[in-house]
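Inspection log for the structure reproduced underneath, given as structure tokens.
The values are calculated or read from the model by the stated rules, or taken from the named source; none is laboratory data. Everything numeric in this text was worked out from a predicted model, so none of it was measured. With ideal geometry, Cβ positions are generated from the backbone for all residues, glycine too; neighbour counts draw on all protein chains shown.
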DNA sequence: GGATAAACGGATCGCCTATCCGATTAAGGG
DNA sequence: CCCTTAATCGGATAGGCGATCCGTTTATCC
């Protein structure tokens, strides 16, 4: 890979910065809109990010990396149940705090390899933590590995349906997750 | 209200029928598309249904009525826990079987008065069943009335995220609801 | 400073929602 | 049966957004 030309790198940063701002203020990403706000032509934006999904995943990448890092630390926790529930709590909190994360998590067809890689990593860690908790007898055996992500997305979605303001979301999400976790215990 | 002219009534039926078919085959509703398939002008479709939401709610109305009817019967059930869990099961099953219901349920800003009315009725029944189950000591006290609909939508959403084919959905949804219900018991 | 490939930017297409208004047709009285 | 009229029809059209294309500009390297 030849490095990006200087102006291209600068514009890439501008685009991602603007996109992050839009996501944070709850505005849906629109590439024409991003181009206008970044003071660039639409062509430029579309060359860097062929679809809205691609830009969304790029914006979400740092958050996915943070989650993966937290997961790696969770693997060192001695208490299987605590590690598991704490990890799930982080996943849910991240999703309700960041709409880009919620969308990327729910979408199973990634456009960027990096996204696939990070999601795979996050899922693998979750599976491992679940296995440990199950072995320790703390979790019902009928919860499949493939259920973790859908359930986290479901809780995040329920929180969005419930809450009018973003500020309400965190406590609501925690309450919903607590209920779910109680249902998972033996 | 003067009754509709004969041709208007015929076209209304055609539109709703076509829309129901589209929803059933999983195609997203598009009013131009509906007009073409129904052999009508776009103007006609938009006069009957000013927005896509309005048509979607009209399509969902019979299902909402069925749910309300089931709820009324559930109120006569002697076993509070059975009545409650059975009602929630019906709500979830309906949502995962019918995308129009899922969307209408998650959307809090209805366009048709009839939709508001039916949803209110369904929520009221759920609240009542929850109160009885709580009084009977079968349900944890920290579940609020306003949580019922979001949680049902969350489970339906989790099911959509999990399942590739519509056929997989019902068992998955039941499994998720079972887990949630277990978390709700005292 | 000139050659060249990379990047830029906006005109433009295709699709969808939604509106508007002249043409058409159903409904009711003479 | 026809005429009036108001309701309805239907397609042309505006406006927004995703996405593409291509002539122009600019960074980079020698």
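Residue-by-condition table, conditions (1) loosely packed, with under 14 Cβ neighbours inside 10 Å; (2) modelled with pLDDT under 95; (3) within 14 Å of chain A (Cβ to nearest Cβ):
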| position | (1), (2), (3) |
| --- | --- |
| B:83 | no, no, no |
| B:94 | no, no, no |
| B:98 | no, no, no |
| B:129 | no, no, no |
| B:151 | no, no, yes |
| B:167 | yes, yes, no |
| B:177 | no, no, yes |
| B:183 | no, yes, yes |
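A quick yes/no check of all residues on (1) within 18 Å of the chain's Cα centre (by Cα); (2) in a helix (DSSP H, G or I); (3) under 21 Å from residue A:169 (Cα atoms):
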{"position": "B:152", "(1), (2), (3)": "yes, yes, yes"}
{"position": "B:160", "(1), (2), (3)": "yes, yes, no"}
{"position": "B:170", "(1), (2), (3)": "yes, yes, no"}
{"position": "B:173", "(1), (2), (3)": "yes, yes, no"}
{"position": "B:181", "(1), (2), (3)": "no, yes, no"}
Where residue A:141 falls short, out of the listed (1) in a helix (DSSP H, G or I); (2) more than 10 Å from chain B (Cβ to nearest Cβ); (3) surrounded by fewer than 17 Cβ atoms within 10 Å (Cβ to Cβ): (1)
Residue within the stretch A:87-99 that is touching a helix residue (DSSP H, G or I) at 6+ places or on another chain (Cβ under 7 Å), within 16 Å of DNA strand D (Cβ to nearest atom) and not in a helix (DSSP H, G or I) present: no
Only one of A:45, A:23, A:34, A:16 that is free of Cβ contacts under 8 Å to residues at least 24 places away in the same chain, buried (at least 17 other Cβ atoms within 10 Å of the Cβ) and assigned to a helix (DSSP H, G or I): A:34
Selection status of residue B:39, loosely packed, with under 14 Cβ neighbours inside 10 Å and either within 8 Å of DNA strand C (Cβ to nearest atom) or within 18 Å of residue B:103 (Cα to Cα) (or both): no
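Does residue A:4 qualify as being surrounded by 12 or more Cβ atoms within 10 Å (Cβ to Cβ), within 16 Å of DNA strand C (Cβ to nearest atom) and at pLDDT below 95? Before you say what the answer is, go through the steps one by one.
Details: surrounded by 12 or more Cβ atoms within 10 Å (Cβ to Cβ): yes; within 16 Å of DNA strand C (Cβ to nearest atom): yes; at pLDDT below 95: yes.
Spelling it out, residue A:4 is indeed surrounded by 12 or more Cβ atoms within 10 Å (Cβ to Cβ), within 16 Å of DNA strand C (Cβ to nearest atom) and at pLDDT below 95.
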